[in-house]
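To start, the structure itself, in structure tokens.
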Amino acid sequence: MRQKIQRFGGAMFTPVLLFAFAGIMIGLATIFRNTQIMGSIAEPTTMWYKIWFMVEEGSWTVFRQLPLLFAISLPISLAKKQNARACMEVFVIYLTFNYFLSALLSQFGPSFGIDFAAEVGGTSGLAMIAGIKTLDTGMMGAILISSIVVFIHNKFYDIELPDYLGAFKGSAFVVMLGFFVMIPIAFGVASIWPKIQFAMIGLQEFFKSAGYMGLGAYVLLQKLLLPVGLHHFIYAPVLFDSVIVEGGTIAYWANHLSEFANSTAPLIELYPLGGFSNGELAKVFGVIGVAWAFYATAKPSKKKMVLALMIPATLTSIMTGITEPLEFTFLFIAPFLYIIYSILAAVLAMVMLAFGVIGNFGTGLPNIIFMNIIPLFKNREMMYLTMLVIGVIFTFIHYAVFKFLILKFDYKTPGREDDDEIKLYSKDDYRSKNEVKGLSPTLNESNEQLIIEALGGKENIVEISNCATRLRLSVVDETLVKDTNTFKKLGAVGIVKSGKSIQVIIGLNVPKVRENIELLIS
């Protein structure tokens, strides 16, 4: 079970590696299209604006297609054989599932409580996935379908069929089975999911009327429901509809900004329902504490690696408000940490409101500066100083809480993975070390064959997968597996044994090594 959980965590982390770059590019494009920063060159009619608009649109790819990305990434680690083919199978069947949903809702939408003619997004319950107008099942739907397909793939990919049915073997057979399985799955999702969605919408009046507790519940649920794709039903009515204020909080703030700037009255008196953006401040202050805790608790040999991972993820959150690059590094590894993280965000929002801090804090630091601090600072300097002090305090709170919990429960957050290597060698150290021993400084087919033998032979290997840097294996007899020094001589960094669960630490070229080993085994 432990190995399965580790494999699932590794699978979920695969697409996360793409988030940081995309988030940074969105942040840069947002800054370069802001006239308050760039001046007239950033006017919508200029070539400068149009080029950066194109850059931003391309940068949104991974976030707009997040469910699809997670669906096709899971088989990379979870499929036991022919991972590339499994990814293709998941892609086809996931699209088939959404086409089934689309057809169901277009024909029987009212029966399921869905207005299929409505625009996607907001409270419609609909989304566009790979050009398909379908039910917004978010990541949960993607993970569900991908897991089903991986199960079918692992069980039926190698099934023997008569020669006259040879055209239906392998991936064709998996897709065929998946096609028929998706029909009842689509009916089930269409029947159940809209009820969950509309239950979320029913919470809006509570958010509005319950004061601090309503704000805390709003932020908490928004965070907790992000992994399952239901967070849209929490924030969308608040931001874009007239649930809290007329026209939504974003439009209301923009339309009344001049009035707020020219008044000396406390902002909370002018805009008493303005605290619903306070949860966004956790994306500036809280994330720094979380990243700091990850760095502080990482093993000394991995601190540089963790720093390289945390800096772009944290900057993405601060500059754009996109938190997935940081949150997804621990969401599936340590879900309890994510719950604590969500609670802290809710508490931060309530404390800010209690001290009179409100505003429009979404979409990152540039928005906070140019749509809040600059126009309002003259008459609100104490409020923003208070915001800074509270924010810094919560940065330290996040750091202390996360560090304590990581060490207390030994969570395998970035840089704390189980391994026994004594040190990480530099390229020169590694090359000279191998030259002395007469070994090749890189893994090759010969070494990979020797790795199989060091694992006890191909008959001893039950299944094989990989995460970002490691081969993860299950073996029949762990006593047949050689020691760490044997694997280091073969070009690996080290090995971790936990019963029949074996991890061979390879490095970033582990996908190629796994592929070669699978070919040699088969």
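Only residues that are over 13 Å from residue 138 (Cα atoms) and surrounded by 15 or more Cβ atoms within 10 Å (Cβ to Cβ): list them for the stretch 61-77, please.
62, 72, 73, 74, 75, 76, 77 - these are the residues of the stretch 61-77 that are over 13 Å from residue 138 (Cα atoms) and surrounded by 15 or more Cβ atoms within 10 Å (Cβ to Cβ).
Pairs under 6 Å by beta carbon, first residue farther than 16 Å from residue 64 by Cα and assigned to a loop (DSSP other than H, G, I, E, B) in the stretch 116-135, partner at pLDDT 90 or above and of a type in the set (S, T, N, Q), six or more apart or different chains?
116/106
Restricting to the stretch 325-355, name every residue that is surrounded by fewer than 18 Cβ atoms within 10 Å (Cβ to Cβ) and touching a Ser or Thr at 6+ places or on another chain (Cβ under 7 Å).
Listed by number, the list holds a single entry, 355.
Of all the residues that make up the stretch 281-305, how many are touching a Gly at 6+ places or on another chain (Cβ under 8 Å), at pLDDT 90 or above and either of a type in the set (S, T, N, Q) or over 18 Å from residue 352 (Cβ atoms) (or both)?
Residues meeting the conditions: 6.
So that you can scan it fast, the table gives a plain yes or no per residue for (1) in contact (Cβ under 8 Å) with a residue 24 or more places away in the chain; (2) within 27 Å of residue 274 (Cβ to Cβ):
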residue	(1), (2)
308	no, no
333	yes, no
354	yes, yes
357	yes, yes
362	yes, yes
372	no, yes
379	yes, yes
391	yes, yes
394	yes, yes
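For residue 313, indicate whether it is small (Gly, Ala, Ser) and at pLDDT below 90.
When the stated conditions are applied, residue 313 passes them.
Exactly one of (1) closer than 16 Å to residue 282 by Cα; (2) aliphatic (A, V, I, L, M); (3) assigned to a helix (DSSP H, G or I) is unmet by residue 322. Its number?
In the conditions (1) closer than 16 Å to residue 282 by Cα; (2) aliphatic (A, V, I, L, M); (3) assigned to a helix (DSSP H, G or I), residue 322 misses (3) alone.
Mind listing just one residue for me: the one in the stretch 501-510 that is in contact with a helix residue (DSSP H, G or I) (Cβ under 9 Å, 6 or more places away or on another chain) and buried (at least 16 other Cβ atoms within 10 Å of the Cβ) and, of those, nearest to residue 415 (Cα to Cα)?
505
Give me the pairs: first residue in the stretch 40-66 and more than 30 Å from residue 126 (Cβ to Cβ), second residue modelled with pLDDT under 90 and surrounded by fewer than 15 Cβ atoms within 10 Å (Cβ to Cβ), beta-carbon distance under 8 Å, and six or more apart or on different chains, which are they?
Going by the 8 Å Cβ cut-off, the qualifying pairs are 42/35; 43/35.
Identify, please: which residue in the stretch 208-234 is hydrophobic (A, V, I, L, M, F, W, C) and at pLDDT 90 or above and is, among those, farthest from residue 124 (Cα to Cα)?
Of everything passing the filter in the stretch 208-234, 213 is farthest from residue 124 (Cα to Cα).
Would you list the helices (runs of 4 or more DSSP H) that sit entirely within the stretch 170-228 and hold 1 or more residues that are among the aliphatic types (A, V, I, L, M) and in the same structural domain as residue 121 (by TED's automatic domain parsing)?
Filter on the stretch 170-228 gives 171-201.
Residues checked against (1) under 29 Å from the mean Cα position of the chain (by Cα); (2) surrounded by fewer than 18 Cβ atoms within 10 Å (Cβ to Cβ):
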{"site": "222", "(1), (2)": "yes, no"}
{"site": "227", "(1), (2)": "yes, no"}
{"site": "231", "(1), (2)": "yes, yes"}
{"site": "251", "(1), (2)": "yes, yes"}
{"site": "260", "(1), (2)": "no, no"}
{"site": "272", "(1), (2)": "no, yes"}
{"site": "279", "(1), (2)": "yes, no"}
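For (1) of a type in the set (A, V, I, L, M, F, W, C); (2) within 34 Å of the chain's Cα centre (by Cα); (3) in a strand (DSSP E or B); (4) not assigned by TED's automatic domain parsing to the domain that holds residue 77, each residue gets a yes or a no:
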residue	(1), (2), (3), (4)
453	no, no, no, yes
456	no, no, no, yes
473	yes, yes, yes, yes
479	no, no, no, yes
487	yes, yes, no, yes
495	yes, yes, yes, yes
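Going through the stretch 158-190 one residue at a time, which ones are surrounded by fewer than 18 Cβ atoms within 10 Å (Cβ to Cβ) and over 31 Å from the mean Cα position of the chain (by Cα)?
Of everything in the stretch 158-190, those that are surrounded by fewer than 18 Cβ atoms within 10 Å (Cβ to Cβ) and over 31 Å from the mean Cα position of the chain (by Cα) turn out to be 158, 159, 160, 161, 162, 163, 164, 165, 166, 167, 168, 169.
Against the condition under 22 Å from the mean Cα position of the chain (by Cα) and among the β-branched types (Val, Ile, Thr), how does residue 114 come out, does it pass?
no
The values are calculated or read from the model by the stated rules, or taken from the named source; none is laboratory data. Owing to the predicted nature of the structure, the values given are computational and were not obtained by experimental measurement. In this analysis, Cβ positions are derived from the backbone assuming ideal geometry, glycine residues included, and neighbour counts consider all displayed protein chains.
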